[in-house]
Amino acid sequence: MGIAENLKKIEQNIHDACVNCGRDPQSVHLIAVSKTFGSEEIEKAVRCGVFDIGENYVQELTEKQTVLADDRIRWHFIGHLQSNKVKYIVEWIHLIHSVDNEGVAMEIQKRALRLNRTIDILVEVNTSDESSKFGVKPGHASDLLKRISIFPNIRLRGLMTIGPFLPAAEQSRPAFRLLRNILDEANAGGFLREPMKELSMGMTHDYPVAIQEGATMVRIGTAIFGERKKVQA
């Protein structure tokens with residue numbers, strides 16, 4: 001199937017998952033993850049009405065943003081972000097999903113202040129306790145949120161996690177439920193300027209389960225664009 005057909009299937013799956021757990025389908029936003037795919041594939045998704053595009057690498061993101069130059073696209077950075085790469089995206093990025101330490105947040109604050117922008121971010125939490133994954137440990141998430149919440153040019157929108165890559169999607173449920181609990185506890189803590197509403201969780205293999213656990217954003221690549229292209233070393 002092509003991108004248009006794939007998107008129709010995913011949108012129906014999102015609708016069904018929401019209805020089955022009593023949620024409004026409009027409460028879940030699809031982020032099309034275009035990692036390793038070119039601008040042509042992104043343009044096909046945009047023509048189908050998908051304007052939220054996620055990228056994992058800063059260089060790939062900036063190249064595609066320059067080539068496409070489409071103001072309708074809302075660019076999401078979802079990969080590990082280093083402080084020295086913030087300057088390349090801060091001027092136009094829509095949402096950064098993967099802030100996991102105070103140093104990166106301080107750099108975003110510094111750059112955003114210079115641009116007179118307020119940058120929307122999510123804090124990434126390593127809910128599966130896997131050493132191969134980035135993200136703040138669940139027990140330290142509240143402290144990081146408190147420290148970031150004082151930065152005036154950063155808006156804390158919510159949390160992000162990557163579920164474990166296990167044979168059954170159901171096995172990701174505890175990680176997603178933990179993220180939702182951390183968000184609820186932070187919102188009840190009284191230290192945020194405004195409540196956080198976003199939960200970015202769920203990918204091609206487990207997004208229906210993530211929706212059942214409260215995901216407001218699902219990051220889907222393979223089910224839209226196909227198997228990722230191998231990048232030459």
Going residue by residue through segment 198-207, is there one that turns out to be in contact (Cβ under 8 Å) with a residue 40 or more places away in the chain, under 26 Å from LYS146 (Cα atoms), part of a loop (DSSP other than H, G, I, E, B) and of a type outside the set (Phe, Trp, Tyr)? yes
Screening GLU91, GLU124 for residues that are crowded, with 23+ Cβ neighbours inside 10 Å, closer than 30 Å to ASP70 by Cα and among the charged types (D, E, K, R) leaves only GLU124
GLU63 fails exactly one of the following numbered conditions: (1) buried (at least 16 other Cβ atoms within 10 Å of the Cβ); (2) under 30 Å from GLU43 (Cβ atoms). What is the number of that condition? (1)
Just to check your reading of the model, which residue among ILE53, ILE31 is under 25 Å from GLN212 (Cα atoms) and touching a His at 6+ places or on another chain (Cβ under 6 Å)? ILE31
Kindly evaluate LEU113 against the criterion of being out of contact with any strand residue (DSSP E or B) (no Cβ under 6 Å at 6 or more places or on another chain) and either among the charged types (D, E, K, R) or modelled with pLDDT of 95 or more (or both). yes
Of the residues in segment 180-192, how many are in contact (Cβ under 8 Å) with a residue 40 or more places away in the chain and under 19 Å from ARG155 (Cβ atoms)? 5
State the number of residues belonging to segment 146-160 that are outside any loop (DSSP other than H, G, I, E, B) and either surrounded by fewer than 18 Cβ atoms within 10 Å (Cβ to Cβ) or at pLDDT below 95 (or both). 3
Could you grab me the full set of residues in segment 1-28 that are of a type outside the set (A, V, I, L, M, F, W, C), touching a helix residue (DSSP H, G or I) at 6+ places or on another chain (Cβ under 9 Å) and under 30 Å from GLN59 (Cα atoms)? GLY2, ASN6, GLU11
For segment 3-52, how many residues are surrounded by 13 or more Cβ atoms within 10 Å (Cβ to Cβ), assigned to a loop (DSSP other than H, G, I, E, B) and not basic (Lys, Arg)? 8
Unique residue being in contact (Cβ under 8 Å) with a residue 40 or more places away in the chain, within 19 Å of ALA105 (Cα to Cα) and either polar (S, T, N, Q) or touching a helix residue (DSSP H, G or I) at 6+ places or on another chain (Cβ under 6 Å) (or both) when the list is ARG147, ARG157: ARG147
Residue within segment 115-124 that is part of a helix (DSSP H, G or I) and either without any contact (Cβ under 8 Å) to a residue 60 or more places away in the chain or over 17 Å from VAL218 (Cα atoms) (or both) present: yes
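Residue-wise test of (1) among the charged types (D, E, K, R); (2) in a loop (DSSP other than H, G, I, E, B); (3) closer than 29 Å to GLU170 by Cβ.
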residue	(1), (2), (3)
GLY54	no, no, yes
GLU63	yes, no, no
GLU91	yes, yes, no
ILE96	no, no, no
GLN109	no, no, no
ALA112	no, no, no
LYS133	yes, yes, yes
Within segment 96-152, work out how many residues are closer than 18 Å to ALA186 by Cβ and of a type in the set (A, V, I, L, M, F, W, C). 14
Residues being under 18 Å from GLU198 (Cβ atoms) and not hydrophobic (A, V, I, L, M, F, W, C): count how many of those fall in segment 21-54. 8
Over 25 Å from ILE42 (Cβ atoms), surrounded by fewer than 19 Cβ atoms within 10 Å (Cβ to Cβ), more than 19 Å from the chain's Cα centre (by Cα) and among the acidic types (Asp, Glu): does that describe ASP143? yes
Scanning segment 74-88 for residues that are part of a loop (DSSP other than H, G, I, E, B), touching a Lys or Arg at 6+ places or on another chain (Cβ under 9 Å) and surrounded by fewer than 16 Cβ atoms within 10 Å (Cβ to Cβ) gives none
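The values are calculated or read from the model by the stated rules, or taken from the named source; none is laboratory data. Treat the numbers as computed from the prediction; the structure is a model and nothing was measured. In this analysis, Cβ positions are derived from the backbone assuming ideal geometry, glycine residues included, and neighbour counts consider all displayed protein chains.
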